[in-house]
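Down below is the structure, laid out as structure tokens.
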Amino acid sequence: MIEHKNNYVDGQWIPSLSTEVLTVTNPVTEEPIATVPKGVAEDVNKAAEAAAKALPAWSQTPVEERAALFRKLARLTEKRADEITNAMVTELGYPITLCRKSQVDGAVEELDLIAEVLGEIQWTEQIGKTMVKRVPSGVLGAITAWNGPLRSIISKAGAAIGAGCTTVLKPSEVAPLTAYIFAEMCHEAGLPPGVFNMVSGTGPEVGEAIVTHPLVDMVSLTGSVRAGRRVMELASAGVKRVHLELGGKSANIIFEDVDFENAVRDGIEDATRNAGQACGALTRMLVPRNRLADAEALAKTTAEALIIGDPFDPKTTLGPLSTRAAHDRVRNYINLGIEEGLRLLTGGADMPEGRNRGYYVRPTIFSGDNSSRLAQEEIFGPVIVIIPFDDEEDAIRIANDSSYGLAGAVWSNDKERAYRVADRLRTGRVRVNGGTLDKRGVHGGFKLSGVGREWGRVGVEEFLEYRAIYS
């Protein structure tokens, strides 16, 4: 079993001041695989002081030097790709083939992209007699998610470091092992001491200490709406900038003029990636009322074709949920859907056939309407609700009838209609006809889905302020 006893502070591995540890559990075997420190506020204080000390020099580092460091980090990530993939599969249960492509290769792409976009930012602009400059926000407190443990770090701490900020990171206690590898790579890449600091611990102790620390200027969180509200509440005392990437209940509108089988299959695969543990998963499938039966049959066939198994098997397409608590929550939602009177097409709360341990849940498809709790609340598991609509206006109304606004999708062979509908969705991103995500674009949401954007040039600019110099 792996035993991490240190935090990464001021360019060094130093023991936590806490004597307590957190246990990391393999969601397939339900056995412990590692321990990490259960940090305390004084650990955060040391990290924040190191970040504040490093800020003046790092914020003045030439953009070209910062870009070179990110290219070096990308190459180190490529070099350690197998190790990172294995760590993530072990701690999270993410199927290895999908994990390598979306999480590890995706992380390399994002690191290279940060290096690239640093040269695209207009750092200085002359407006009349005024010089307007883009300057780092300061010390960033980054609290990252377990469902994308490396990419979440890069989108927050990475983008902020690229912007010239220094950082204090709290990785998720559910999947912290990848964060330790990232810290090692920062050290090997030659990142100056204090620019990146990592403290392991829980949200109520380490996370809240980061948010409230007087040397932390800005906070970025990926997490639940409840966690986002708590961060905003605590950060408001210091009038700190807050960047939040929270949940979603995304609608997938499929019109009848497309290849219906392809569209439904794509939607089910999107909604069940990482066992449905994806904030932008398309968990509400909206279809024309006259094609409801077709959609139900196609969705059922697609879900039942998913391969539930060992995430280290390259053929596996559906792994377990992350924790016992997540497992219990998702199964409770499935039972709630049955109690609410939704029609269960496939799946259910029982363990998958042949599985007597591990946090597995069968891919579950319901048919119903948008008023149900399963259509309104984020489940964070492989559970999809199919909802019929009467016409274009009805589809838009149903899609926007949500307290979330992170992602969406539209399928139509009429490109004009597809983009017209996409423009009316109150979401931060929309896929049209299965378009792939481009990280030069932006990721983030409206309403309860959060504040601010990630990825690409805009994601780096999220950690910049404006300064005007008058002459």
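The values are calculated or read from the model by the stated rules, or taken from the named source; none is laboratory data. Just so it is clear, the model here is predicted, and its values are computed rather than measured. Heads up, the Cβs are rebuilt from the backbone with ideal geometry, glycines too, and the neighbour counts pull from every protein chain shown. Note: areas computed on protein heavy atoms with side chains; ligands, DNA, RNA excluded. Shrake-Rupley method; radii C 1.70, N 1.55, O 1.52, S 1.80 Å.
Per residue, the accessible area of the range 17-155 comes to 41 Å² when a 1.4 Å probe rolls over the protein heavy atoms.
Probing with 1.4 Å while keeping every protein chain in the model, the per residue accessible area of the range 196-288 equals 31 Å².
The HN-Hα couplings worked out from phi for the range 114-127 by the Karplus form 6.51 cos²θ - 1.76 cosθ + 1.60 (θ = phi - 60°) are 4, 4, 5, 6, 4, x, 9, 6, 8, 6, 9, 9, 8, 10 Hz, whole numbers, x standing for Gly and Pro. Measuring between their Cα centroids, the range 227-303 and the range 365-414 lie 8 Å from each other. Principal-axis analysis of the Cα atoms of the chain puts helix 41-59 at an angle of about 70° to the longest axis.
The distance linking the range 34-111 with the range 159-214 is 8 Å (Cα centroid to Cα centroid, whole angstrom).
For T25, the residues 5 or more places off, or on other chains, whose built amide H falls under 5 Å of its own are I33. Relative contact order of the range 70-203: 25 percent, from C-alpha pairs under 8 Å at least 6 residues apart in sequence.
Take every Cα pair under 8 Å whose residues are at least 6 apart in sequence, average their separation, divide by the length of the chain, and the relative contact order is 18 percent. In this structure, the amide hydrogen of T346, modeled 1.01 Å from its nitrogen in the peptide plane, lies closer than 5 angstrom to those of I365, counting only residues at least 5 positions away or on a different chain. Restricting the range 326-374 to trypsin sites (Lys or Arg not before Pro) that sit in a DSSP loop and have at most 16 other Cβ atoms within 10 Å of their own Cβ leaves R355, R357. Do any of K72/K101; K53/K79; K53/K133 go past 26 Å between their Cα atoms, and which? Where the Cα-Cα span goes over 26 Å, the pairs concerned are K53/K79. Within a straight-line Cα-Cα reach of under 17 Å, K38 can be paired with the following lysines, leaving aside sequence neighbours fewer than 8 residues apart in one chain: K5, K46, K170. Surface composition of the chain: carbon and sulfur make up 50 percent of the accessible area, probe 1.4 Å. Here the range 366-407 is treated with +1 on each Lys and Arg Cβ and -1 on each Asp and Glu Cβ, and its dipole about the Cα centre works out to around 280 debye.
Within the same chain, lysines fewer than 8 places from K249 are excluded, and of the rest, those with a Cα less than 18 Å from its Cα are K447. Taking every alpha-carbon pair under 8 Å whose residues sit at least 6 apart, the range 290-449 reaches a relative contact order of 16 percent. Here the spin labels are modelled as points 7 Å beyond Cα on the Cα-Cβ line, and at Q122 and Q12 they lie 4.5 nm apart.
Where q = 0.22 Å⁻¹, what log10 of I(q)/I(0) comes from the Debye formula for the range 58-154, counting one point per Cα? With one equal scatterer per Cα and no solvent, log10 I(q)/I(0) is -1.14.
With θ taken as phi - 60° and the Karplus curve 6.51 cos²θ - 1.76 cosθ + 1.60 applied, the whole-hertz 3J(HN,Hα) list for the range 138-150 is x, 8, 9, x, 10, 10, 10, 9, 8, 6, x, x, 8 Hz, x standing for glycine and proline. Pairing the Cα long axis of helix 260-271 with the longest principal axis of the chain, what angle in degrees results, from 0 to 90 and rounded to the nearest 10? The helix 260-271 is inclined about 40 degrees to the chain.
Hey, what angle do you get for helix 292-305 against the long axis of the chain, alpha-carbon based, 0 to 90 degrees rounded to 10? Once rounded, one gets 60 degrees.
For the range 369-471, with only Lys/Arg (+1) and Asp/Glu (-1) charged at the beta-carbon, what is the dipole magnitude about the Cα centre, in debye rounded to 20?
With only Lys, Arg, Asp and Glu charged at Cβ, the dipole is about 480 debye.
The tail of the calculated P(r) for the chain, taken as Cα-Cα distances beyond 30 Å, holds 46 percent of the pairs.
For the range 315-471, the equivalent ellipsoid derived from the Cα gyration tensor has semi-axes of 34, 23, 15 Å, listed largest first. Each Lys and Arg Cβ is given +1 and each Asp and Glu Cβ -1; about its Cα centre, the chain then shows a dipole of about 880 debye.
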